[in-house]
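Only one structure is covered here, and it is reproduced in the block below.
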Amino acid sequence: MNNRVRVLKDIFWILSFSGLVAALLRMLFGLGATTNLTDGIPWGLWKVFNMIAGVALSTSGFTVGFLVYVLRLDRFKPYLKPAILIAFLGYGCSCLALLFDIGLPYRFWHPIFMWNINSFLFEVFWCVLLYFTVTAIELAPLIFEGLKAQKLVKFFHGIAFVVVIIGISLSSLHHSSLGSLFLVSPQRLYPLWYSPRLPLLFILSAMGGGIMLLVMVRIIWAKFYNPEPVFGPVSRQETTMIHDSRGLVCAVSSRKEPGFEMPDISRLALIGTGILLIYLLLKITDLVALGTWRELLSGQSESWLYGIELTFGLLLPLVLMLNPRTRNKPVPVGVAAGLAAFGMVFNRLNVGIFGYFRDAEVVYFPSLTEWALGLGVIAAAGLVFLGLAEYLPVFDDKPANAYLRKIKIKSTSTSHQVWNVVLADSLHRVSLLAVFVIPISFILMYPPYRGSEAALIKPSLGVDLQRSILEIDGDRRGYTTTFNHADHQRRLGDTGSCARCHHICVPKDKSTPCFRCHQYMHDSTNIFNHEEHKLFVARDEKLNGWHPENYACEKCHSVGTPRTKNSARDCLECHRENMFLVGEPTKEMKLMYASSFCLAMHENCLACHRQEAVKPEYAHLGECSTCHKTLQRKDREKIVTAEVM
Amino acid sequence: MKVGILIDVTRCVACERCVEACLGRHHIDSSKAMRERSEYNDGLSAYRFCSIIKAAEGRFARKSCMHCLEPSCVSACLVGSLTKTPDGPVVYDTSKCIGCRYCMLACPFHIPRYEWDKLNPLMAKCDMCAERIEKGQIPACVEACPKGALQFGNRDKLLAEAQARIRNNPEGYINHIWGEKEFGGTSVLYISDVDLSMLGWPEYIPRSIPSLTEPLVHSTPFIGMSVAIGLVGLNWIIKRRNKLFEENNPGHAKETENQKDVENE
C-alpha cells in the first residue's frame, strides 16, 4: 500500500472513530446537550450538510445511469460502477447522519406508516428511502461479481434498465423537493437565496455537482492507486536517476501526455459543466427577475457568502473547464471538479443555515460533536468506498492496478498469509488509532449538560433608599414601574413603618434590592447557598483538617439526625445580629426559598391596595394599571429629578 | 365553529396573568419557564407558550401561536403530528412526532420551540387550550386577563368586533386587523395603535404558505410518472437510431469496439 493511501485511510479512521464517539454522546445526552442548535436555527450541520448536501453529491448514480442506459453512450460505462457506489454510500451515510439528527431516533420509521401527503419532507423521505433501495439493487451485480455468483449477476443485469428508469424518476423528484423544503419560509430565508425556482436550482446544481464529484473521485483514485490511465504514461526518455543524500536511487519522471482515459473523464466533466452553465444562467435570471441582485452589492455578510459561492463554486470551475488549454489536463479538471462540488455544498449551507441567520438573529456554528459526527459519517463512507474499490472491480482500469495484483497473488495462497498481509498491518494501525482517538475525542466532546441549570443573574447594586422614587423592574427587562417610596413611607407612619413592607435582608446588607432574593417574575428562588455555608461555617469556627468544610455539618444539622432541611437549625439562630431585621419575624423561617417577584410584590402591595380600594376615592388602587404603568430606564433620571424638585 | 382570540394591544398592561394561567393550565414547573431561559427577547420557550413582549413605548402584545387558518406547520409535518382541529386550534400529537423540527423552520412566526434540554425532546407550543374549548370553556389565558385585552369567541364575530372598535375610535387604532388576511388569515387577531411587525407579521403576504408548496407537492407523482415515460420513449428512439445506423453500416460497431480494445492494450 503506498504511503499516500495509508495517510488518507488513517485520517478517515480518525474521523470515523471520533464520529463514533460523537454518535454515542448524542445518544446518551440528547440533541440539545451535544449540538449548538437553537430555536432560531433548528436545522444544523447534520441535516443541511450531511443530508441535503450529501444526497445532492450522490446524484452521479442516476446521471451516469441516464447517460449509459437511456442515451446508450457506452463510453461512460466504466463510470457507472463508481457512480452507483458513490450514490449508495452517499445516501447511506446521509440517512445514518439523519438518524442522529432527528430528536427521537427510535421513531425513524414513523413516516412509513403515518402519512402527510401535503409535506415535502414526507415526499423526500419516501423518495430517499426508495432510491436507496434502488441504488442497493443497482449495486448488487458488483457485489455478486465479487462473490462469483454469476446467475444473480445476470438477473440483476436483466432488471437494470427498469431499475435505472425508476431511479431517475425518483431522483428527479426528491432532488428538486430538497429545494422545495425551503419554499416554506419566504420571509425568513434571506432574499438572495429564496426563489420560487428553488426546486429547479437545486436539481440542476445537484446533477452538476454530483458528476463533478465523480470526476474528482476518479482523478483522486488515479492519483493514489494507478496514475497511468489518467495522468498518462511515464515517458521513458525523461526518467532520470538521482542519488539522494542517503544514497538511495530515486526515479524522477515526468508525464507529458494525459492518459488514455482523460478524454472520457474530460467529456464527463464537460457534461457536468454544461449542467452547471444552465444552472448559472438560471441563477442569474433569478437574481434579475426577483430584483435581488441589489442585495448582492449591499456589502452585507450574506452578499459575501453569495459571492464566495458564485465565484469559487461556480465561475472558477466553469472557467477552468471551458478553457481548452486546461480542460484536458487531469489536475485542472480535478481542481475544477472539486471546486464545483464544494460550490454546490456551500450553496446548500447558504440556503439551509446561513440564509436564516439574519431572520433568527442568532448565529450558529456547529459544535465539536456535530463536526465529528458529520465528518465521521462521511469518512466512514470513504473507508467503505476505498475498501470495496480495492477488492472489487469498481474502476475498470485496463492495466490492472499493480497494488491490487500484488494483494491477489498473496491472498490466494493461504489464509494465514491473508491475515499477515491484509489485516495484521492495518489492524495494528487502526487499533492504535482507536486507542488514541476515542478517549481524546471523548474528553473533548463530553457535553456540559445544557439547560438544566439556569444562568445565575448577578443582582445589581443595592437600591438607594434615600431616593424618593424607586424604579421597580420585576423581571429586569427594561420595563419599569415607578414607586414613590417617600410617599408610601409618609403615609404609613414614617420610619417606624418599615416593617410593614420590609421583612428581612441578607446578612450585613442594608439596601438589598427585592429581586436579589425574589429573582424571577414567576419563580421561587433558592436563596440558601449550601456549599458556601459549609465553607463559611468551617472558617468561622476555625475548623482544621484536610477538608474542614466536611466537619462543619454538625454545626447546623444536629448529630444523629438525617441531614435534611428539617434537621437543620433555623437561619436566625446564627444570623440574628447581622440579618438587619426590621421587626420580629412572625413565623419561624428557614429562609431556603424566596417566593417569586410577582408573588412577593403582589402579596406585599396588594394586601394594602385591596383594603384601600374599597373606598370610592381610592378605587384606582385596585386596578393593575396603577402599578403596571411602564417606564423605560432612560426616562428614570428625568422623573426622579422632577419629583425631587 | 371557527374560534379565535382577539388581542387588543391598547388594553394590555403586561401583568403577565395570561402567562401564569398558561403555565398552570399546562402544569409546567415555573422555574423552567423563566424569561431568561429563552434564546429570544420574546421569552417563548418549550416551557412557556405565551409571553408578553414590548410592542412600543408602553404597549405590550401577547405572543403565542397564531393558529393560522392554513397552517404552514401542519402542511410541513411529515408524519402529520400537527393538525388543525375543526374548531380552529392547531394541536400537536406527541406520539407521532419524530423530531425533525421542520415545523420550526416552516412557521412564519417562530412559534414552535424545542425541548433542547431533554434526551427525547418534543416540540412545544400553545394549543389554544383545545381540551377546554371542547368542554365549552374558554382558554386559560383569556380567562385570566384582568383588562379584557384578550377576547375569545367566534372568529367572524371577533372580526366584526375588531372592526367596530376601530370604527368607533379611529384615532385610537391603526386601521388594520393583523391576522385577517396575512398568511391566509389566522385565528388569533390583533388590533393595535402601534406597528406589530415585531411579532413576525410581514409587510403584507396575503397568501398562505401551504398555498405556495402544496400544489407543487401534489404534482410530484405526475412529474415522476412523466419523467419515467419520457425516459422510456427517449431510450426507444435512441435504440432505434442505433439499430438503423447498424443496419445501414454493417459491422461498424464491432470494428470500433475492436479498435478500442487494441488501443487500450
Conditions (1) of a type in the set (A, V, I, L, M, F, W, C); (2) within 14 Å of chain A (Cβ to nearest Cβ); (3) closer than 20 Å to B:THR85 by Cα; number of the one not met by B:VAL142
(2)
Tally the residues that are within 8 Å of chain A (Cβ to nearest Cβ), of a type outside the set (D, E, K, R) and part of a loop (DSSP other than H, G, I, E, B), restricting the search to segment B:54-84.
6
State all residues of segment B:185-221 that are touching a residue at least 24 places away in the same chain (Cβ under 8 Å), within 13 Å of chain A (Cβ to nearest Cβ) and not hydrophobic (A, V, I, L, M, F, W, C); if no residue qualifies, say none.
B:GLY200, B:PRO202, B:PRO206, B:ARG207, B:SER208, B:PRO210, B:SER211, B:THR213, B:GLU214
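Taking segment B:111-121 as the search range and keeping residues that are buried (at least 21 other Cβ atoms within 10 Å of the Cβ) and assigned to a loop (DSSP other than H, G, I, E, B), which one is nearest to the other protein chains (Cβ to nearest Cβ)?
Going through the qualifying residues, I end up with B:TRP116.
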Test each condition in (1) in contact (Cβ under 8 Å) with a residue 12 or more places away in the chain; (2) within 26 Å of A:SER266 (Cα to Cα); (3) exposed (fewer than 15 other Cβ atoms within 10 Å of the Cβ) for A:GLU361 and report the one that comes out false.
(2)
Just wondering, is there one or more residues in segment B:66-83 that are modelled with pLDDT of 90 or more, surrounded by fewer than 24 Cβ atoms within 10 Å (Cβ to Cβ), of a type in the set (Asp, Glu) and out of contact with any helix residue (DSSP H, G or I) (no Cβ under 9 Å at 6 or more places or on another chain)?
no
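Restricting to segment A:27-48, what's the tally of residues that are in a loop (DSSP other than H, G, I, E, B) and either closer than 21 Å to A:VAL124 by Cα or more than 8 Å from every other protein chain (Cβ to nearest Cβ) (or both)?
Taking segment A:27-48 and keeping what is in a loop (DSSP other than H, G, I, E, B), we get A:30, A:35-44.
Then keep just the ones that are either closer than 21 Å to A:VAL124 by Cα or more than 8 Å from every other protein chain (Cβ to nearest Cβ) (or both); that gives A:35-36, A:41-44.
Looking only at that region, the number is 6.
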Going by what's in this entry, would A:ASP74 be described as farther than 18 Å from A:MET216 by Cα and surrounded by fewer than 18 Cβ atoms within 10 Å (Cβ to Cβ)?
yes
Would it be correct to say that B:PHE152 is in a strand (DSSP E or B), of a type in the set (Phe, Trp, Tyr) and over 25 Å from A:PRO105 (Cβ atoms)?
yes
Determine whether segment B:44-54 contains at least one residue that is touching a residue at least 40 places away in the same chain (Cβ under 8 Å) and touching a Pro at 6+ places or on another chain (Cβ under 6 Å).
no
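Among the residues of segment B:116-134, is there at least one that is of a type in the set (A, V, I, L, M, F, W, C) and modelled with pLDDT under 90? Quick ask: steps written out before the conclusion?
To start, the set of residues in segment B:116-134 that are of a type in the set (A, V, I, L, M, F, W, C) comprises B:116, B:119, B:122-124, B:126, B:128-130, B:133.
Adding the requirement that they be modelled with pLDDT under 90 leaves B:116, B:119.
Within segment B:116-134 (the criterion being of a type in the set (A, V, I, L, M, F, W, C) and modelled with pLDDT under 90), the answer is yes, since at least one residue qualifies.
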Scanning segment A:359-387 residue by residue, the ones that are in contact with a Phe, Trp or Tyr (Cβ under 6 Å, 6 or more places away or on another chain) and within 14 Å of chain B (Cβ to nearest Cβ) total 1
Just give me the residues in segment B:34-47 being facing another protein chain (nearest Cβ under 9 Å), at pLDDT 70 or above and more than 16 Å from B:SER197 (Cα to Cα), in sequence order.
B:GLY43, B:LEU44, B:SER45, B:ALA46
Looking at segment A:70-105, which of its residues are aliphatic (A, V, I, L, M) and under 19 Å from the mean Cα position of the chain (by Cα)?
A:LEU96, A:ALA97, A:LEU98, A:LEU99, A:ILE102, A:LEU104
Answer from A:LEU142, A:LEU189 - the residue that is out of contact with any strand residue (DSSP E or B) (no Cβ under 9 Å at 6 or more places or on another chain), part of a loop (DSSP other than H, G, I, E, B), more than 8 Å from every other protein chain (Cβ to nearest Cβ) and in contact (Cβ under 8 Å) with a residue 60 or more places away in the chain:
A:LEU189
Would you confirm whether or not segment A:177-199 contains a residue that is within 19 Å of A:VAL134 (Cα to Cα) and touching a Phe, Trp or Tyr at 6+ places or on another chain (Cβ under 7 Å)?
yes
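Answer with yes or no whether B:ASP87 is in a loop (DSSP other than H, G, I, E, B), surrounded by fewer than 21 Cβ atoms within 10 Å (Cβ to Cβ), more than 7 Å from every other protein chain (Cβ to nearest Cβ) and among the acidic types (Asp, Glu). Write out each step before concluding.
Values: in a loop (DSSP other than H, G, I, E, B): yes; surrounded by fewer than 21 Cβ atoms within 10 Å (Cβ to Cβ): yes; more than 7 Å from every other protein chain (Cβ to nearest Cβ): yes; among the acidic types (Asp, Glu): yes.
Against the criterion (in a loop (DSSP other than H, G, I, E, B), surrounded by fewer than 21 Cβ atoms within 10 Å (Cβ to Cβ), more than 7 Å from every other protein chain (Cβ to nearest Cβ) and among the acidic types (Asp, Glu)), B:ASP87 qualifies.
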Consider A:LEU170 against the criteria (1) crowded, with 20+ Cβ neighbours inside 10 Å; (2) more than 29 Å from A:GLY355 (Cα to Cα); (3) at pLDDT 90 or above: it satisfies all of them except one. Which criterion is unmet?
(2)
Segment B:155-175 - residue that is touching a residue at least 12 places away in the same chain (Cβ under 8 Å) and not in a helix (DSSP H, G or I) and, of those, surrounded by the most Cβ atoms within 10 Å (Cβ to Cβ)
B:TYR173
For B:SER31, work out the one condition from (1) in a helix (DSSP H, G or I); (2) at pLDDT 75 or above it doesn't fulfil.
(2)
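The values are calculated or read from the model by the stated rules, or taken from the named source; none is laboratory data. Everything numeric in this text was worked out from a predicted model, so none of it was measured. Cβ coordinates were reconstructed from backbone atoms using ideal geometry, including for glycine residues, and neighbour counts include every protein chain displayed.
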